[in-house]
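One structure is given here, and the rest of the page talks about it.
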Amino acid sequence: MKLVFAGTPEVAVPALDALIASGRHEVAAVVTRPDAPAGRGRRLVASPVAQRAEEAGIEVLKPRKPRDEDFLARLREIGPDCCPVVAYGALLPRIALDVPAHGWVNLHFSLLPAWRGAAPVQHSIMAGDEITGASTFLIEEGLDAGPVYGTVTEQVRSTDTSGDLLTRLAFAGAGLLAATMDGVEDGTLKAVPQPADGITLAPKITVEDAEIDWSAPALRIDRVVRGCTPAPGAWTTFRGERLKLVSVQPASDRTDLARGALDAGKNNVYVGTGSHAVELLWVQPQGKKPMRGADWARGVRISSGEVLGE
């Protein structure tokens, strides 16, 4: 088939690579979000998908909105049979969805209908899922509600951050998307409607969502930290400044600390929660690089009675 691939961030690059390498289909063009400011200089930088497509000599389309008439005209001119999508980042209007004969097929990083929305991996970790995965589905109007072509599963490890898990799913999902394109082309794969039961939503995690509530149980706090790493980053406050929590570890043997209360020893620093304590393994003070929790505690010279989150 002739394909037009839509995607923007680094997590979409493995799928683009898999389609380019398949040899069975032609990636005629790539659709991605416009260049965005990045770095200290805030200069405009092309998306990771745009950079990879340019390296491969593939035409790159960067519409401000996917309903822009110039973009739609070029899409019709290319005449794709199917448009695979991975984390494109913009809502596709019906007028664009109708262009390819086989529609737009999205690779979504959950086992649909679980975790429909922008942050499925983060919510899966924060909810304590033991198994997650990726799904390919035909995009229809409605939030990740189209019929599903196929899935792959992935175990959620106890130490996974959302970055760790998303990286694994990006590569597993790349193979799934390539196989889905093969099945769509030869007619052996039919999309199956999603069940009405088991729908959960995964809206974008905001900075406010990532603030740690020290009255929550230690297990919940560990999941929030891992789910919010690397973005937007779990955080609390200390002496009126924000402190990012990079990595924590539940400490079931410490039940003597009040919620948010700090206890710093020579090699460890603990904080009380709604259940047992957690150890602060890695933190990042405002304006500084990540450091070990014990090193941070020595540097700030924690006094008796000091707490996090006030």
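Can you name the number of the only condition in (1) touching a residue at least 12 places away in the same chain (Cβ under 8 Å); (2) within 30 Å of Arg116 (Cβ to Cβ) that Glu208 fails?
So Glu208 meets the others, but not (1).
Is it the case that some residue within region 235-251 is touching a helix residue (DSSP H, G or I) at 6+ places or on another chain (Cβ under 6 Å), surrounded by 20 or more Cβ atoms within 10 Å (Cβ to Cβ) and not in a loop (DSSP other than H, G, I, E, B)?
Yes, region 235-251 contains a residue that is touching a helix residue (DSSP H, G or I) at 6+ places or on another chain (Cβ under 6 Å), surrounded by 20 or more Cβ atoms within 10 Å (Cβ to Cβ) and not in a loop (DSSP other than H, G, I, E, B).
Gly89 fails exactly one of the following numbered conditions: (1) out of contact with any His (no Cβ under 8 Å at 6 or more places or on another chain); (2) closer than 22 Å to Ser22 by Cα; (3) open to solvent by 20 Å² or more (accessible area, probe 1.4 Å). What is the number of that condition?
(2)
From the list Ala101, Ala96, Ala50, which residue is farther than 24 Å from Val184 by Cα and of a type in the set (A, V, I, L, M)?
None of the others qualify; the one that does is Ala50.
If Lys266 meets every condition in (1) at pLDDT 95 or above; (2) part of a loop (DSSP other than H, G, I, E, B) apart from one, which number is that one?
Status for Lys266: all satisfied but (1).
Report, ordered by the first and then the second residue, all pairs with beta carbons closer than 7 Å, sequence separation of six or more or different chains, a first member in region 261-288 that is over 19 Å from Pro230 (Cα atoms), and a second member that is of a type in the set (Lys, Arg).
Tyr270/Arg254; Gly272/Arg259; Thr273/Arg259; Gly274/Arg259; His276/Arg254; Ala277/Arg254
Out of region 164-199, which residues are open to solvent by less than 50 Å² (accessible area, probe 1.4 Å) and of a type in the set (Ser, Thr, Tyr)?
Thr180
Evaluate the following for Pro34: is it without any contact (Cβ under 8 Å) to a residue 40 or more places away in the chain, part of a loop (DSSP other than H, G, I, E, B) and out of contact with any Lys or Arg (no Cβ under 7 Å at 6 or more places or on another chain)?
no
Looking only at region 52-101, count how many residues are on the phi > 0 side of the Ramachandran plot and under 25 Å from the mean Cα position of the chain (by Cα).
Counting residues in region 52-101 that are on the phi > 0 side of the Ramachandran plot and under 25 Å from the mean Cα position of the chain (by Cα) gives 2.
Which numbered condition trips up Leu143, out of (1) surrounded by 15 or more Cβ atoms within 10 Å (Cβ to Cβ); (2) in contact with a Gly (Cβ under 9 Å, 6 or more places away or on another chain)?
(1)
The values are calculated or read from the model by the stated rules, or taken from the named source; none is laboratory data. Because the structure is predicted, anything quoted here is derived from the model rather than measured. Quick reminder, even Gly has a Cβ in these numbers, built from the backbone with ideal geometry, and neighbours come from all protein chains shown. The area values use the complete protein model at the heavy-atom level, side chains included, leaving out ligands, DNA and RNA. Shrake-Rupley method; radii C 1.70, N 1.55, O 1.52, S 1.80 Å.
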